[in-house]
Amino acid sequence: MIANTGRKRAIAKALTALLPMAPYSDTECIRTDASAKHMKTLPPGIAVWLATIAHVRHQHSQYESLLGEGYDRDSARFFVVGEINRTLTRWRATRLLDPDEDEE
């Protein structure tokens, strides 16, 4: 339980540092995703980053629409980088998505 509480605190701290102006409804979804079982082995900062990018991609971009139009995953991801970065910028993120790097 103590380790779990420490991890929750570390995720909260990483989330606040990365996204100081993100809306509460978004940060709660990101916090939940970053705390998911499959993220448990990752450092909190990386878990928060990956959860953030996935959340913004699926909730604040045209990614799903592009997939529905027949684009493959990599192409759809390429085309939404600008939308993702605009959202991150609105939230005053301390990091943006670099299209030339892996998300990790």
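The values are calculated or read from the model by the stated rules, or taken from the named source; none is laboratory data. Given the structure is predicted, the values throughout are model-derived calculations rather than measurements. Note that each Cβ is placed from the backbone with ideal geometry, even for glycine, and that neighbours are counted across all protein chains shown. Accessible surface is based on the protein model in full, side chains and every heavy atom, while ligands, DNA and RNA are left aside. Shrake-Rupley method; radii C 1.70, N 1.55, O 1.52, S 1.80 Å.
Can you tell me which of I84, I46, I30 moves the most in a GNM of the chain? Springs connect C-alpha atoms under 10 Å apart.
Of I84, I46, I30, the Gaussian network model singles out I46 as fluctuating most.
For a paramagnetic label modelled at 7 Å from the Cα of E83 toward its Cβ, which residues of segment 37-58 fall within the zone defined by backbone nitrogen distances under 15 Å?
Answer for this model: 53-58.
When the chain is fully extended, how far beyond the present Cα-Cα distance does T41 get from S25, taking 0.36 nm per residue of separation?
Stretched out fully, the T41 to S25 stretch lengthens by 3.2 nm.
What part of the accessible area of the chain, given as a whole %, is carbon or sulfur when the probe is 1.4 angstrom?
For the chain, the apolar C and S fraction of the accessible surface comes to 54 percent.
Leaving out ligands and nucleic acids, note down the accessible area per residue over the chain with a 1.4 angstrom probe, in whole Å².
64 Å²
Which of these, T89, T52, T27, has the largest mean-square fluctuation under a Gaussian network model of the chain (Cα springs below 10 Å)?
Fluctuation is largest for T89.
Which GluC sites (Glu not before Pro) in segment 3-72 sit in a loop by DSSP (not H, G, I, E or B) and have at most 16 other Cβ atoms within 10 Å of their own Cβ?
Answer in residue order: E69.
Below 8 Å, C-alpha to C-alpha, sequence gap of six or more: please give me the relative contact order for segment 30-104 in percent.
27 percent
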